[in-house]
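Reading through the structure tokens given below for one structure.
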């Protein structure tokens, strides 16, 4: 752990170290909002280290404790006497030059010598569960000039020891030695209107409503109860204002040259609405974003200036009755009219995600998908607990290159799957200039970063397994929360982000080369021949990482490696490899045994399948050389380059999954040290780090989130494509639902009488269907049956040698099922849309992998 002296006296608003113990509850909350891209006035934190430095250099600690010791709970006057004594100590204390310089420098960088700021106390003990919005310390508004700011900071520190604060802490049994005070300094918003917003109705407890209070001027008149504000009630489901009450707002708080004052509202404005309906809607949507960030109802202080909203503070509401908080809503489809897809990403993350996993994936996505600063449009979403990509953003950027909808659909289908005819991709409501302004700087930075990391990729892939083992050992040996927090900050986070960038580099290396080669081969040979030319990439030791788990199990079965070697090399891969709440195969011996038993039942072993496909591939290349000698040589070079890129991409992905095992180890260790166990998987990683720092507020949400997780997990697999606002429970209850695509406009995508998809791997097979919902049901698949499922990932590959063919709802020519099936020479049709709903176990099928068709005979 780092020495406390290394904590800066002043921190930037969004600094990594802006945690509860350093910047207090208010400061940590603001830091979280800034990091999420929410509109927060600029400012800085004066840390608890500065407070302790002031107390130490002025020799105050012993005198403070002596004064507190004289308090008698049966004699209230002793509170006032102690408070007066301690307050005098602070005001007579000398501000250390190091603190004064740090504050003055940060204030100057904020905007100038006479910039108006708000100076607010931020305590480390006032924001504990059941103590929300205690407001025991002071805030000072419209402070101008360096000397005034420094003096206001000192007054905030002194307010930690007022009679009210002393009594409050005594009542809640908070020891005086445990408290310290940080201070938040922010540019003051000269608000035309301000108020408070509750993302749940505080009167009824309803989580389906947002309640907004609004009045003229600064928000202090509302907080202090001097004015009756306007009230707006916003319905989350319909996204409309259902009720508004415009009140007589007699007074308002305004700025003066020396601070603030209350003054009468001019007569004609007293009964005018402080917000237009459009502004109330905009503010309510901001509130929903904040609620999603905290994953629980929040109490938000806001201000309006020059048509723009600013968030001054946000904290979880802890006063709603627990029995009313039955479920949370995990549904980013409500954020706007977009086309969402879980094609490709749904293979990697097929499960309903716990809040912990989702928060880690968002970090991963933020680091691998360079932010476009389009904060009002989410690039990724959580719909019913499932991971989706916002295809509308991709389509809007493609339109900049001149692509129309049909061209975009044709290009994207190789990665995300087919977009059915009639299902439009709504674009972003942004001008071409706005998109260009967002894209160009990012593209330049991204190109430079990817080029650099592609050079480093081979060394990273070689070193990553040992580094992961080292980090896991360090995590298991940590004995204190603070030591674990330091390990996260100093070693785990940098390595996690490095892994994210390496996967980005691997994914962008000849990313569309295979698709282009397939297109060119299609001009020369049929689909079956093209599949043969594309197979055989995993022969010998240089196999694709996506086949590693299967090959490792085969080696283990033949006695070529022992259990320990298997666990270290392949044990991080499995059917739920991104979900940190679930054990890896290396942690679950029963899973390994069941897979070995399945391999023994397969008609051919893995090596035989690969060897057979190698012969097929060699013969196909010889035929191509005979027909097109010059083109064959050029195509072979292109295929070899693309194969090398595919190996790197799959290897980088394997290592990011290994890192997710490290992250799982970290969360489990936090659970051990705090005594909270596996409840922590229902917190975000930010909340887990806050817990390590002593902030337990989020623990109150665990029962609700667990119930929400179980509720979404009970639903059938959601559609691969979702257009507009989607209610997963209403959809699941509809017997006529489609599992491939949902369109809010009610335009049903026509269903063909023949099940069609993408040709995944060539070959024609007849056999009995076996519909398998999850890999845990894989033992139902009998040798020679046709595997029908929603989608597959690495965890499904041990089932492939038993299958006569593979049929999936979700997928594309470059998806996992298609790649592995080609390598093993197993016919496959992928991206069929709703095969699992139209086919039943026992149906006799003909699968034509070359044409991409499935028939019921």
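The values are calculated or read from the model by the stated rules, or taken from the named source; none is laboratory data. Here the structure is a predicted model, which means the values were calculated and not measured. So basically every Cβ, Gly included, is an ideal-geometry build from the backbone, and we count neighbours across all protein chains shown.
The requirement of being part of a helix (DSSP H, G or I) and on the phi < 0 side of the Ramachandran plot is fulfilled nowhere in the range 576-583; no residue meets it. Counting only helices (runs of 4 or more DSSP H) that fall entirely inside the range 1-111 and contain at least 2 residues that are under 30 Å from residue 287 (Cα atoms), the qualifying elements are 20-35, 97-110. Output the residues belonging to the range 240-293 that are under 41 Å from the mean Cα position of the chain (by Cα), surrounded by 16 or more Cβ atoms within 10 Å (Cβ to Cβ) and either at positive phi or not in a helix (DSSP H, G or I) (or both). Across the range 240-293, the qualifying residues are 241, 244, 246, 247, 252, 253, 254, 255, 260, 273, 274, 275.
Of the numbered conditions (1) in a loop (DSSP other than H, G, I, E, B); (2) under 21 Å from residue 815 (Cβ atoms); (3) in contact (Cβ under 8 Å) with a residue 24 or more places away in the chain; (4) in contact with a strand residue (DSSP E or B) (Cβ under 7 Å, 6 or more places away or on another chain), residue 769 satisfies every one except a single condition; which is it? Going through (1) in a loop (DSSP other than H, G, I, E, B); (2) under 21 Å from residue 815 (Cβ atoms); (3) in contact (Cβ under 8 Å) with a residue 24 or more places away in the chain; (4) in contact with a strand residue (DSSP E or B) (Cβ under 7 Å, 6 or more places away or on another chain) one by one, residue 769 breaks only (1). The set of residues in the range 741-775 that are modelled with pLDDT under 80 and under 30 Å from residue 578 (Cβ atoms) comprises 744, 749. Does any residue of the range 661-670 turn out to be out of contact with any helix residue (DSSP H, G or I) (no Cβ under 8 Å at 6 or more places or on another chain) and part of a helix (DSSP H, G or I)? Within the range 661-670 (the criterion being out of contact with any helix residue (DSSP H, G or I) (no Cβ under 8 Å at 6 or more places or on another chain) and part of a helix (DSSP H, G or I)), the answer is yes, since at least one residue qualifies. Only one of (1) more than 22 Å from the chain's Cα centre (by Cα); (2) modelled with pLDDT of 90 or more is not met by residue 522, so which one is it? Going through the list (1) more than 22 Å from the chain's Cα centre (by Cα); (2) modelled with pLDDT of 90 or more, residue 522 breaks only (2). Taking the condition in a loop (DSSP other than H, G, I, E, B) and buried (at least 20 other Cβ atoms within 10 Å of the Cβ), does residue 572 pass? Yes; evaluated as a whole, the condition is true for this residue. The set of residues in the range 305-333 being modelled with pLDDT under 90, surrounded by fewer than 21 Cβ atoms within 10 Å (Cβ to Cβ) and in a loop (DSSP other than H, G, I, E, B) consists of 317, 318, 319, 320, 321, 326, 327, 329.
Scan the range 90-124 residue by residue and report those that are more than 28 Å from residue 312 (Cβ to Cβ) and in contact (Cβ under 8 Å) with a residue 40 or more places away in the chain. Result: 93, 96, 98.
Can you confirm whether residue 422 is at pLDDT below 85, in contact with a helix residue (DSSP H, G or I) (Cβ under 7 Å, 6 or more places away or on another chain) and either more than 29 Å from residue 667 (Cα to Cα) or surrounded by 15 or more Cβ atoms within 10 Å (Cβ to Cβ) (or both)? In short, no.
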